[in-house]
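Novice: Sending over a structure as structure tokens; questions will come in a sec.
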Amino acid sequence: MDYVVHIVNVALVYAALAASLNLVLGYGGMASMAHAALFGVGAYTSALVTMHLGVNFLVGMAAGAAVAGAVGIALALPSLRIRDEYLILFTCAFQLVVWGLMVNEVTVTGGETGLSGIPRATLLGLRFTTPRSYLPLVAALVAAMFLGCWRVSHSPFGRVLRCIREDEAATASLGKDVLRFKALTFLVGGAMAGAAGGLLAHYNAYVNPVSFSLDASILLVAMVVLGGSANMLGSVVGSALLIGIPEALRFVPGTATLIAPLRTAIFGALLVLFMRFRPEGLLPEHLRLRRRRRASIPELSPDEVAKLVNLDEWAPLDQNLVPMLEVKGLSRSFGGIVAVNGFSMALTPGRVTTLIGPNGCGKTTVFNLVSGFLAPDDGRIWLRGEDVTRLRPHELVRRGVIRSWQDVRIFRSKTLLGNVMAAMPRQLGESLLALFLRPREVARQERENERRAMAYLCFVGLADKAFELAGELSFAEQKELSLARLLASRCSILLLDEPASGLDRASIEAMGREIVRLAQAGRTICLVEHNLDVVKDLSDDSVFMDQGRVVRKATPQELMRDPELARIYFGG
């Protein structure tokens, strides 16, 4: 019986460990192969602190969590700007380096022999020595770690992580600091892994490098993938299966000698099979999505929608205001190709300005420069008199400049409600400190944001689909959802990249009415558009571009009457 309880204890520790990896891999989409190294760092740190300082095991676990979290940050910083395949290689190399240190630093880690004589856990005068006596303690500590991971994953912070996993550029365009969220995720994941390592070290009273090898990292990835990526309960299921099944097979005659050498091969085969036939794992991310009660967010009246959306917050307009956004002498080259050459324009509140010109003339490149996704070679961007030329996308959004995308770039695996809520600024729940220290305020703001998000969906006519996945929408509905996200950001300057492309006439007219209504309410709007009817109907001013240069600025009607511009635009 003690052996069964021992397996349960180990499986519980690995469940907490898999949950911490699920934050990084499942929610954040960062394929780390170094989680066993962080697990080992926590185990060795806790063991050394308690052995040499004589402190309680909880202090050792806290020290292990702190050191592993710091190592997680050190692992994250150089790897945040590389693509997924290189992240796998980098973290795999990191895992091998840390494991090598555990083996070779004999005076600290005991080398291959490991460390023995680690103090057993004691708490409130109780000493835990047997698997049965440890079970309540392990269950309580693992539950605390698991709830911590659950709290992070089911919060505005976790919502941003899922957005980053799906589309980093789109997430940055909504005002989220992608690098900050990635680094904090590695910090939290590493700290939780370190705490789990400390718990296992004191439970076994012994640690050695075998438990923290690359094979252990593969085992953890298998737990997350098989149980269900981005589903915390899936981590528990994956741990129970991959810890429990091999142990159960030991009691099958003739298999005891085969399990150990074939363990890695079995895990690898399971990973291949699941990735081929059930990539979402046993418990998919959206397992409970359809069960959510629509009554959790009450229906809104038209008056409530108008109050929550509040289109008039920038009115009344002062037509004598200086331009909100000025671009002067902007240039950008890619090798020998000059995409933008000395581009200048000014955007005024309450007016719609359109960039037009033939394909490849540099319109979208201008948007990428103004929104911070590209750095200019020359020129300056001024926002309300402030030089914002070198600001990053999320910093510009916080100052009121947001852009849409020609290819929409909604978060297809999130609900419509989740898409809109992801764009809302200044969310308390995106701060880890507020998440744990101010839970009531976070919950209250989340409820308010849900109501406001529903109001924006009502504004664009999509409230009845709020709990559907965005990937199930038609293209016209995705365009409307994109507009709702822009409104939710509460930005005053909207850069819309071909909002009418791919839409039928009725959808174009509806989109046009919404854009005009936003301009009348005081927004500053700039469009890139090829549909000349849309340009003529919506625009107050137009800028004609060719070969990266501004050819002429005038009203749409004046530009369309110019035969030279028609020749450039249509050819011939």
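Novice: Count, please, the residues in the range 196-215 that happen to be of a type in the set (Gly, Ala, Ser) and either open to solvent by 10 Å² or more (accessible area, probe 1.4 Å) or part of a loop (DSSP other than H, G, I, E, B) (or both).
Specialist: So the first thing to find is which residues in the range 196-215 are of a type in the set (Gly, Ala, Ser), and the list is 196-198, 201, 205, 211, 213.
Of the ones still in play, those that are also either open to solvent by 10 Å² or more (accessible area, probe 1.4 Å) or part of a loop (DSSP other than H, G, I, E, B) (or both) are 205, 211, 213.
The qualifying residues number 3.
Novice: Right, next: Yes or no: Ala19 at pLDDT below 90, farther than 21 Å from Ala121 by Cα and not in a loop (DSSP other than H, G, I, E, B)? Full working, then the answer.
Specialist: Values: at pLDDT below 90: no; farther than 21 Å from Ala121 by Cα: yes; not in a loop (DSSP other than H, G, I, E, B): yes.
No, not satisfied.
Novice: Any residue in the range 335-359 that's within 19 Å of Ser371 (Cα to Cα): show its pairings with residues that are open to solvent by less than 20 Å² (accessible area, probe 1.4 Å) and among the basic types (Lys, Arg) at Cβ separation under 6 Å, as long as the two are six or more apart or on different chains.
Specialist: Leu355/Lys363
Novice: Taking the range 448-479, which residues are within 28 Å of Gly189 (Cβ to Cβ) and of a type outside the set (A, V, I, L, M, F, W, C)?
Specialist: Asn449, Glu450, Gly471
Novice: Please go through the range 107-158 and pick out each residue that is of a type in the set (Phe, Trp, Tyr) and within 25 Å of the chain's Cα centre (by Cα).
Specialist: If the condition is that a residue be of a type in the set (Phe, Trp, Tyr) and within 25 Å of the chain's Cα centre (by Cα), then Phe146, Trp150, Phe157 are the ones that fit.
Okay, residues lined up against (1) surrounded by 13 or more Cβ atoms within 10 Å (Cβ to Cβ); (2) among the hydroxyl-bearing types (Ser, Thr, Tyr); (3) within 15 Å of Tyr44 (Cβ to Cβ):
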site: Gly60; (1), (2), (3): yes, no, yes
site: Ala66; (1), (2), (3): yes, no, yes
site: Leu80; (1), (2), (3): yes, no, no
site: Leu101; (1), (2), (3): yes, no, yes
site: Arg127; (1), (2), (3): no, no, no
site: Thr130; (1), (2), (3): no, yes, no
site: Ala140; (1), (2), (3): no, no, no
site: Ala143; (1), (2), (3): yes, no, no
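Novice: Hand me the list of strands (runs of 3 or more DSSP E) wholly inside the range 473-567 holding 2 or more residues that are closer than 17 Å to Cys361 by Cα, at pLDDT 90 or above and in contact with a helix residue (DSSP H, G or I) (Cβ under 6 Å, 6 or more places away or on another chain).
Specialist: On the way: elements: 493-497, 524-528, 541-546, 549-554.
By residue number, 541-546.
Novice: Can you tell me which residues in the range 376-395 are assigned to a strand (DSSP E or B), open to solvent by less than 80 Å² (accessible area, probe 1.4 Å) and closer than 23 Å to Gly335 by Cα?
Specialist: Scanning the range 376-395 gives Gly379, Ile381.
Novice: Still on this structure, please answer the following. Would it be correct to say that Gly42 is surrounded by 24 or more Cβ atoms within 10 Å (Cβ to Cβ), modelled with pLDDT under 95 and in a helix (DSSP H, G or I)?
Specialist: Working: surrounded by 24 or more Cβ atoms within 10 Å (Cβ to Cβ): yes; modelled with pLDDT under 95: no; in a helix (DSSP H, G or I): yes.
So Gly42 does not fit the description; no.
Novice: Tally time: how many residues in the range 1-39 are of a type outside the set (A, V, I, L, M, F, W, C), closer than 19 Å to Phe212 by Cα and open to solvent by less than 10 Å² (accessible area, probe 1.4 Å)?
Specialist: Of the residues in that region, 5 qualify.
Novice: Considering the range 141-180 alone, what residues qualify as being of a type in the set (Gly, Ala, Ser) and free of Cβ contacts under 8 Å to residues at least 40 places away in the same chain? Working first, answer last.
Specialist: Let us first name the residues in the range 141-180 that are of a type in the set (Gly, Ala, Ser), namely 143-144, 148, 153, 155, 158, 169-170, 172-173, 175.
Answer for the range 141-180, where residues must be of a type in the set (Gly, Ala, Ser) and free of Cβ contacts under 8 Å to residues at least 40 places away in the same chain: Ala143, Ala144.
The values are calculated or read from the model by the stated rules, or taken from the named source; none is laboratory data. Fair warning: this is a prediction, and the values are worked out from it, not measured in the lab. Virtual Cβ from ideal backbone geometry, glycine too; neighbours counted across all protein chains shown. Surface accessibility is based on the protein's heavy atoms, side chains included, excluding ligands, DNA and RNA. Shrake-Rupley method; radii C 1.70, N 1.55, O 1.52, S 1.80 Å.
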